[in-house]
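The values are calculated or read from the model by the stated rules, or taken from the named source; none is laboratory data. Computed from a predicted structure; not experimentally measured. Here the Cβ is made from the backbone with ideal geometry for all residues, glycine too, and neighbour counts use every protein chain on show. Heavy atoms of the whole protein, side chains included, go into the accessibility calculation; ligands, DNA and RNA do not. Shrake-Rupley method; radii C 1.70, N 1.55, O 1.52, S 1.80 Å.
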Amino acid sequence: MARPTLKDVAHRAGVSVSTVSYALNDASRVQLSAETRGRVRRIAKELGYTPNLFARSLQARSSRTIGVVVSKPLTNPRYAAIVHGTGTALMDRGLRMTVLPRPDAAGYLDDCRSGFLEGIIFVGHDDVTVPQELVDAAGSGLAPMVAIDCGAADADTPFSSVDFDYELGAVSMIEHLAGRGITTVLHVRPEVSSRAERLRQIALMRVLGSHDRISLQVVSTGLKDADLAELDAAGGHGDYLHHQAARLTAALEDLDEQAARVAVLCSWGADVEVALSVVQRIAPGATVAALAGGWPRVEVWPGLTYSRLPLEEAGETAARLLVQELTPDAGHEHVLLPPEALSSS
């Protein structure tokens, strides 16, 4: 069955197409009688007429749609949480969200020029940051934008940003572990060059300098930059997790320390579940801590200490800032969100 049109509603109501359009548009200033407006709306409902939002956006050159660029799979809980927070907050502000899976600036800018997109929220990761084309487009006013997790912004950055305070997360975690009497930390970390990892390492070295009773030993997972894309494409971490478990087992077996004074600190969320399993088998009583809480679900692992990144809050904040960016002459705001060290019960 063909989709009902304005012409169909007009024919049934015995009025012009323009009258139907005025009657269905709450923003119309054309005066219609209450009887005419009510009759047209009743008939439109009976026919199942719905407005063609695509046609409206072409006419108004405004779609009320925000493009969220996120090149990581949404099966990853970290990015799913950010996108969920973004979408919910945009909807609360009368905006829609479309997820753009590749950081391909050229196509998105065409959508901004045509009015299909009102603005862009760019979700960074590792060392992936905003492409220069999008930076230039934000500066010219073509594509109002907010960046998430792309690093500290300069004073002249032409868009707003939301970032996580990775250094504070590492510092607060060591302080938390020190308060629990931990004297040995096995730091399980990948060999990747991500900005978050660099910031954490700087912070760990700084805070450990003030805790001379705590020793740090790095347990490399063997994961390198080139391996990340392969893991994402494979959709599973089987071989990687098997090797990681073997490395951590060997490190724990080599320790000459009471388990209660040992903490296994994971930089990467995917390492947490293996660390919990190995500790339960090799060193019951040791603490497992995570600098990237969220995977696995913390509530099913009693005693897990984790640094909760405010992922949904980052999405919500980005939506708020994007609305500001859509306002003429709006200033740019840069928000740094602190993680929180917690323990699951």
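Rounded to the nearest 20, the size of the Cβ-charge dipole of the chain about its Cα centre is 1900 debye, with Lys and Arg at +1 and Asp and Glu at -1.
Across segment 86-201, the relative contact order, built from alpha-carbon pairs under 8 Å that are at least six residues apart, equals 20 percent.
Coupling constants for segment 250-255 follow from the phi torsions by the Karplus curve (6.51 cos²θ - 1.76 cosθ + 1.60, θ = phi - 60°), and in residue order they are 4, 5, 5, 5, 7, 6 Hz; glycine and proline get x. For the residues Arg41, Arg308, Arg213, a GNM of the chain with alpha-carbon springs under 10 Å puts the largest fluctuation on Arg41. Bridges between two residues of the chain, per DSSP, are antiparallel at a rate of about 10%.
Given a cut-off of under 8 Å on Cα pairs at least six residues apart, what relative contact order in percent is computed for the chain?
18 percent
Need one word for the chain: rounded, prolate or oblate. Basis is the Cα gyration tensor (sqrt eigenvalues a ≥ b ≥ c); a/c below 1.5 gives rounded, then a/b vs b/c decides. Because a/c hits 1.5 or more and a/b exceeds b/c, the chain counts as prolate.
Determine the calculated [θ] at 222 nm for the chain from helices alone, applying -39500 (n - 2.57) to every DSSP H run no shorter than 4 residues and normalising by the residue count; nearest 500 deg cm²/dmol. The partial results should precede the final answer.
Details: 13 runs with 153 residues, N = 345.
It comes out at -13500 deg cm²/dmol, rounded to the nearest 500.
Taking amide H as placed 1.01 Å from N in the peptide plane, Thr65 has its amide H under 5 Å from the amide H of Arg96, Glu118, each at least 5 places away in sequence or on another chain. Under 5 Å between amide hydrogens, built in the peptide plane, is the criterion, and for Leu265 it picks out Leu186, His187, Val188, Ala289 among residues at least 5 positions away or on other chains. Largest GNM mean-square fluctuation among Thr249, Thr75, Thr98, using the chain with Cα springs under 10 Å: Thr75.
The magnitude of the dipole of segment 110-248, with charges of +1 and -1 set on the Cβ of Lys/Arg and Asp/Glu and taken from the Cα centre, is near 880 debye.
What's the carbon and sulfur percent of the chain's accessible surface, probe 1.4 angstrom, rounded to a whole number?
On the way: 8910 of 17190 Å².
Answer for the chain: carbon and sulfur cover 52 percent of the accessible area.
Close amide H pairs (under 5 Å, H built 1.01 Å from N) link Ala153 with no residue at least 5 positions away or on another chain.
Here the Karplus curve 6.51 cos²θ - 1.76 cosθ + 1.60, taken at θ = phi - 60°, turns the phi angles of segment 303-318 into couplings of x, 5, 9, 8, 9, 7, 7, x, 5, 5, 4, 4, x, 5, 5, 4 Hz, with x standing for Gly and Pro. Simple point charges give the picture: +1 on the Cβ of Lys and Arg, -1 on the Cβ of Asp and Glu, and for segment 148-212 a dipole about the Cα centre of about 320 debye.
Surface exposure of the chain, expressed per residue as accessible area with a 1.4 Å probe, stands at 50 Å². Taking all protein chains as shown and a probe of 1.4 angstrom, Met205 keeps an accessible surface of around 110 Å².
Please give the helix 166-179 orientation as an angle from the longest Cα principal axis of the chain, in degrees from 0 to 90, rounded to the nearest 10. Taking the Cα atoms of the chain, the angle to 166-179 is about 40 degrees. Projecting the Cα atoms of His332, Ser215, Ser18 onto the dipole axis of the chain, where Lys and Arg carry +1 and Asp and Glu carry -1 at the beta carbon, places Ser18 farthest toward the positive end.
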